[in-house]
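One structure below.
Here, each number is a calculation from the coordinates, and none is a lab measurement. Every value quoted in this text rests on a predicted model; they were computed, and no experiment measured them. Every residue, glycine as well, gets a Cβ built from its backbone with ideal geometry; the counts of neighbours run over all protein chains shown.
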Amino acid sequence: MSFIGDVVDRMLFPNREIHVIPVLDGAFSPNQRLDQARQLGQEIERPDDLALGPDGALYISSGNAIIRCSGADFGDRAAFTRFSAPVGGLAWTGDGRLIACVSKQGLVALSAAGKTVGKLDSALGEPIACPTSVAVAPDGTIYATDGSRANAPEIWLPDLLQNRAPSGRLIACDRGLKEALVQADKLAWPFGVVVSHGGDEVWVAESWSHRLTAFSRSGDRRRIIVKNYSGYPARIVRGAANEYWMAFFGVRTQLTEFVLREREFCEAMMKTVEPDLWIGPTLDGRFNYREPTQIGRIKKLGIQKPWAPARSYGLLARLNSDGEAAESLHSRVDGRIHGVTGVQVVGSRVLAVSKGRNCLVELPSPASGDKQG
Amino acid sequence: MKSLQRFWHRNSPQLFLGELLEKRWMEPIIPFTLTIAVLLVSALMIPHYTSLGNLQQLMRSFAEQGMVAIAMAFSVLSGGIDLSVGSVFAMSNFLAVYFYLILGLPLPVMIFAVIVFGALMGAINGGMIAYGKTRPFLTTLVVLIILRGAYNKATAAFTEELASINSDSSVWDFMGSGFVFGIPTNMAVLIVVAVATHFYLTRVRPGVHIMAVGSSRKAARHAGVNVKRALFSAYVISGAITALAGIFYAARQNSSGTDTGVGWEINALAAVVLGGISLAGGRGTIARAMMGAAIIFMLISGLVQTGFSGNLTTAIIGIILLVAVGFNVKWVKNKGKVLQKVYVVPSWVDFQPPPSIARHGGTVFAENDRLKNAQPIALNQIEGPEDIILDRRDNLYTVNRNGSIIRFLAPDYCVREEFARIGGRPLGLAFDRDQNLLVCIAGMGVYGIKADRTIFKVTDRTTRTRTRLKDDSRLYLADDLDVAPDGKIYFSEATTRYELADWALDGFEGRGNGRLICHDPKSGVTKTVLKNLTFPNGVCIAHDGKSVLWASTWLCRVYRYWIAGEKAGTNELLIDNLPGYCDNINRSSDGKYWLAFCGLRSPVYDLAMANPSFRIRMVKQIPPDEWLCPGINYGCVIKFDDNGVVSESLWDPGGLSHPTITSVREHKGYLFIGGLENNRIGRIKLANADPAWEAHKSYWGAS
């Protein structure tokens, strides 16, 4: 039915974008609240995800390592374990194991002491080369997302620009990491996975199709919760009171969407230009003299306007039990906390890692921040 | 194949289209085309339509309708409407016949009296509308009804006299059926009236006031226009012209029938609207009213001649009107949008990969910290010091974006004073031999300021390019200048297609839109020296005074144009493929030249510059704020010599205090740094510079 609706829509409004970028509005109205977040402890090199351990410490994946952060403000840092490839998503199981997503290797289960106690490197005969996130259901079932069959997690920008047919998977496996099933296939870079508060659904956030989908755990019913975000969704976690928190690692721009359509130019750009300087979302927006400029990004009297087209951006959203955004925290173009990939609820506090700006931050509590933004 | 594509993109017909659409006279293109179309169709369908006799006949019947349309146009342009024209016309017709043929008044007296009558009717309309503040529609409708009633009464009372009219006056006959140079008399008068009213509305103060009131009553009042008087005059003129039409109609018909002037106000209104005159007032011309009237007239007469019945004719006209007006409304409303979509025409520019600017890249352009600790001058006291210059007493002059020239007094540059306020957006600065400060002003031209602060105009126009639709004689974006030893002023005009606010768009386009211009103060002549240059920016007379160095911003090149010696008049490339976008060039104390980079090249942008069709689609598909543009957020300073060899570069890492650098000046061992979008001027001490060197001495000697 919606297909017919789309066809009619195309006929009546031939110039309308099918998947147009929604305006940041409503619950997504821009504010500066993410910039009010407090940095906890020292800088962390490219933190990707975080998980709260049974010992009350925070485990953060950073590059090839997992760091254990303990103490009042998680300021005491110690190396927990190290791999030979970058580590991404993290989750603790009920029985005290840490499941880590390791690039090109799959899921690795670690004991509380950091020893490898289990491994899952393929599902249905195909390697899990691009594990991006992992979540554990109350019954012990482990859900993981495999971003793409073509690229490893750190090759995310080329994966976006190559404009491939979606090839990501949602993988379900038993608590022993022995039997893996493919619960859903052909996902466009699934980057976040969470088991719903009710425990009957798994929610998956896909970055390249900018949507949030719920898959029922029993059976293969799927339901699209939000079909079009203005940002690229990253990880999603359960919060208090039937809520969820969702991180977006960047926001879409008209220019990026345009370049994605311009295949010839896009291929030439990928072939001849170094990746730091491509048109496309970046995590850090770190200073580079030679980055592509857009008219709206020209500084006026030395000031970068916050509403300029974003090369990098910081965005987190709190979703209600239906998956609709209830509020959002922004770090706009001139802000400092960009490229947030992971978020975690620790008691009454909400913590997030900014991969772009190398830090762990505590979000301002709703009472202290101004809701008006 | 590729060269053909290059040629196509560099000379795209879209350029012509864009500049065509920009023309004011393109607004009535729809009624104009329709007029021609109706004329052609009639000529094809009706035999002998274009014969001299038929044309004369057509013109004779048309003239009075044209005059009434002009009368209507006056009231509509003033923001109102005059429905009474039909009955004023009829009454004037009757009065002309009555005064002249029945009462036997002398002809001039009769003409005067009838015109006074028309003006009086207009005065009643205008008086009530302007001073009584009544609604134009109702007021003129009431006058229409009353006059029509009076007319019917009068014609009924004089039926017998009117039936037995016999004129033997040759002047009267000449008015009715004579010719002036083959043109019917009344048509000749219409032409005179149309030209006169056109001039009145566009060139004469009271007429311009009518247009102003029509455009915006409030703004007109704020501008000091006597709104009531302007409105009043519009209706008086409308009435007088209608009366004139009535006189000629009387001379032609020698009678006054019951249906004279019935429905003419509708025809006139239709003509005005069809011509594209806005019913909201203030927008439109007399020529448009004439076009509209001609279309209506030709349609009616054409349809009648081809044998359509009267009712059908009216219906057809109604439909055509509806379509045309609808189309015209859309056109007038969307012309701006169309223009926006077609005006930016990206060209093809091929770039080679530039030298590395990486800190450890090993090139002369390698990033360093030499500007990092630049001492800020005038921090937050200045907005956009595009250029800076120092005088013989070490005072610092700079430009501000509000259109003023600001002076900071030596030695510590803490005292700020407004040296002169000229307006526009001042850019490049230079001192001439007599220490007059010359300044290029975007949007205005080149101006000078004497030491006593009097401002004088140097030049604001140059030779016009005859082959171009756009009038480029006025200076659009004078950017930087320098003075040659013989006193001639050489200056660059960066682009003739964009305002300064849109300078990045010119970069996006990447076409040769700019010029190098020379002004000779002795003869007062301004001449374009080189044209079709791609954003010529910095201009500097070489140390030997024999050539002008000029920088092409978007091509990242420096050129040398010889003004003396055996190569005089030739232009040669001095430095190619720089890693940044060049801005101002100035002399340095060691016989070399400082060059500011207002931006740095980005490989993605270079790639896009060689792909105009990609950029054309970008213009069409995404909003301007999202378009790629040259990377003008970061810059640096380099130094080069007369052979085009770059010897050093100075960087502010991260562009924290000096993001875009548009100008650098050396003065007594210091380097001063300015930026188009900066809030300060920077100053650093130069290690190996001559501490006594100043630019003025270098140009004009020690005296």
- Task: Would you kindly state how much longer the chain becomes between B:K218 and B:A366 on full extension, computed as 0.36 nm times their sequence separation minus their alpha carbon distance, in nm to one decimal?
- Result: 47.3 nm
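Kindly identify the range B:123-263 as rounded, prolate or oblate by the Cα gyration tensor criterion: order the square roots of the eigenvalues as a ≥ b ≥ c, call it rounded if a/c is under 1.5, otherwise compare a/b with b/c, prolate if a/b is larger, else oblate.
Oblate is the answer for the range B:123-263, as a/c is 1.5 or above yet b/c matches or exceeds a/b.
Taking each pair of distinct Cα atoms in the range B:537-666 once, what is the resulting Kirkwood hydrodynamic radius in Å?
Details: mean 1/r = 0.0634 Å⁻¹.
So the Kirkwood estimate lands at 15.8 Å.
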- Would you work out which of B:G86, B:M187, B:S167 lies farthest towards the positive end of the dipole of the range B:86-199? Charges go on Cβ: Lys and Arg +1, Asp and Glu -1. B:G86
- Task: Please work out whether the range B:240-350 counts as rounded, prolate or oblate from its C-alpha gyration tensor, where a ≥ b ≥ c are the square roots of the eigenvalues and a/c under 1.5 means rounded, while otherwise a/b larger than b/c means prolate and anything else oblate?
- Result: prolate
- Task: Mind sorting B:M175, B:M67 by how few other Cβ atoms lie within 10 Å of their own Cβ, fewest first?
- Result: B:M175, B:M67
- Message: Output the 0 to 90 degree angle, nearest 10, between the alpha-carbon long axis of helix B:85-97 and the longest principal axis computed from the alpha carbons of chain B.
- Response: 50 degrees
- Task: Would you mind checking which residues have amide H under 5 Å from B:T134's amide H? H placed 1.01 Å from N; only 5 or more apart, or other chain.
- Result: B:I129
- Item | Candidate aspartates and glutamates - alpha carbon under 17 Å from B:K527, same-chain residues fewer than 8 apart omitted | B:D460, B:D471, B:D472, B:D479, B:D480, B:D482, B:D486, B:E493
- Query: With each label point set 7 Å from Cα along the Cα-Cβ vector, what nm distance links A:K186 and A:A27?
  - Reply: 2.9 nm
- Query: In whole angstrom, how long is each semi-axis of the equivalent ellipsoid of the protein assembly as shown, when you take the square root of 5 times every eigenvalue of its Cα gyration tensor and sort them from largest down?
  - Reply: 70, 44, 25
- Item | Label-to-label distance, nm, for residues given as B:E160 and B:K668 (7 Å Cα→Cβ offset) | 10.7 nm
- Item | Rel. contact order, % - alpha carbon contacts under 8 angstrom, at least six apart, the range B:62-307 | 41 percent
- Query: Relative to the longest principal axis of chain B, what angle (0 to 90°, nearest 10) does the C-alpha long axis of helix B:205-215 take?
  - Reply: 80 degrees
- Item | Peptide-level mean, for A:259-265, of C-beta atoms on other protein chains within 10 Å | 4
- Find which of B:T467, A:V251, B:L312 sits farthest along the positive direction of the dipole of the protein assembly as shown, computed with +1 on the beta-carbon of Lys and Arg, -1 on that of Asp and Glu, about the Cα centre. B:L312
- Computed magnitude of the charge dipole of the range A:28-362 (debye, nearest 20; Cβ of K, R +1, Cβ of D, E -1): 580 debye
- Whole-number percent relative contact order across the range A:28-362, with pairs defined as alpha carbons under 8 Å at least 6 apart: 16 percent
- Note on the structure: chain A, Gaussian network, Cα under 10 Å: of A:E154, A:E267, A:E257, the residue fluctuating most is A:E267
- Based on a Kirkwood Rh over C-alpha pairs, give the Stokes-Einstein translational diffusion coefficient of the range B:375-700 at 10 °C and viscosity 1.306 mPa s in µm²/s. 81 µm²/s
- Item | Tilt relative to chain B, helix B:310-343 - C-alpha long axis, 0 to 90 degrees, to 10 | 10 degrees
- Item | Whole-Hz ³J(HN,Hα) from phi, Karplus 6.51 cos²θ - 1.76 cosθ + 1.60, for the range A:260-276, glycine and proline x | 4, 6, 7, 4, 4, 5, 4, 5, 4, 5, 5, 7, 9, 10, 6, x, 4
- Roughly how many Å is it from the Cα centre of the range B:660-703 to that of the range B:271-297, as a whole number? 60 Å
- Query: Can you give the charge dipole size of the protein assembly as shown about its Cα centre, rounded to the nearest 20 debye, using +1 on the beta carbon of Lys and Arg and -1 on the beta carbon of Asp and Glu?
  - Reply: 1040 debye
- Message: Please list, in order along the range B:349-363, the HN-Hα scalar couplings obtained from phi with the Karplus expression 6.51 cos²θ - 1.76 cosθ + 1.60 (θ = phi - 60°), rounded to whole Hz, x for Gly and Pro.
- Response: 10, 9, 10, 8, x, x, x, 5, 10, 4, 3, 10, x, x, 8
- Which values, in whole Å and largest first, are the semi-axes of the equivalent ellipsoid of chain B obtained as the square root of 5 times each eigenvalue of the Cα gyration tensor? 67, 27, 22
- Item | the range A:232-298 and the range B:86-135: distance between their alpha carbon centers, rounded to Å | 74 Å
- Message: Considering only C-alpha atoms, what is the centroid distance from the range B:360-384 to the range A:22-83, in Å?
- Response: 36 Å
- Options A:V340, B:I661, B:Y498, ranked by Cα towards positive dipole end of the protein assembly as shown, top entry (Cβ charges): B:Y498
- Message: Contact order normalised by length for the range A:209-298, with contacts defined as Cα pairs under 8 Å and 6 or more residues apart; what percent is it?
- Response: 17 percent
- At what distance in nm do the modelled label points of B:L52 and A:M270 sit from each other, each positioned 7 Å from its Cα along Cα→Cβ? 7.7 nm
- Message: Compute, for the range B:380-507, the length of the dipole vector about the Cα centre, with Cβ point charges of +1 (Lys, Arg) and -1 (Asp, Glu) only. Units Debye, rounded to 20.
- Response: 500 debye
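Count charges around A:I225 for me, please; just the other residues with Cβ under 12 Å from its Cβ, Lys/Arg as +1, Asp/Glu as -1.
The answer is 0.
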- Message: Using only alpha-carbon positions, what ratio does the radius of gyration of the range A:250-325 give when scaled by 2.2 N^0.38 Å?
- Response: 1.31
- Note on the structure: The answer for the net charge of residues other than B:H658 whose Cβ lies under 12 angstrom from its Cβ, with Lys and Arg +1 and Asp and Glu -1, is +3
- Item | Over 20 Å (Cα to Cα) - which of B:K470/B:K531; B:K668/B:K697; A:K300/B:K639 fall in this group | A:K300/B:K639
- Query: Around B:A378, with a cut-off of 13 angstrom between Cβ atoms, what is the net charge of the other residues, counting Lys and Arg +1 and Asp and Glu -1?
  - Reply: 0
- Beyond 18 Å, what percent of the Cα pairs of the range A:84-134 remain? 24 percent
- Query: Once phi is turned into ³J(HN,Hα) by the Karplus curve 6.51 cos²θ - 1.76 cosθ + 1.60 with θ = phi - 60°, what whole-Hz value does each residue of the range A:344-351 show in order, with x for glycine and proline?
  - Reply: 8, 9, 10, x, 8, 9, 10, 10
- Task: Between A:D55, A:D276, A:D121, find the one with the highest GNM mean-square fluctuation for chain A; connect C-alpha pairs within less than 10 Å.
- Result: A:D55
- Dimensionless Rg/Rh of the range B:62-307 - Kirkwood Rh, Rg from C-alpha atoms: 0.98
- Message: Given 25 °C and 0.890 mPa s, compute D for the range A:28-362 with the Stokes-Einstein relation, Rh being the Kirkwood radius over Cα pairs; round to the nearest whole µm²/s.
- Response: 124 µm²/s
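Kindly provide the trypsin sites (Lys or Arg not before Pro) of the range A:79-179 that DSSP labels as loop, not H, G, I, E or B, and whose Cβ sees at most 15 other Cβ atoms within 10 Å.
A:K115, A:K178
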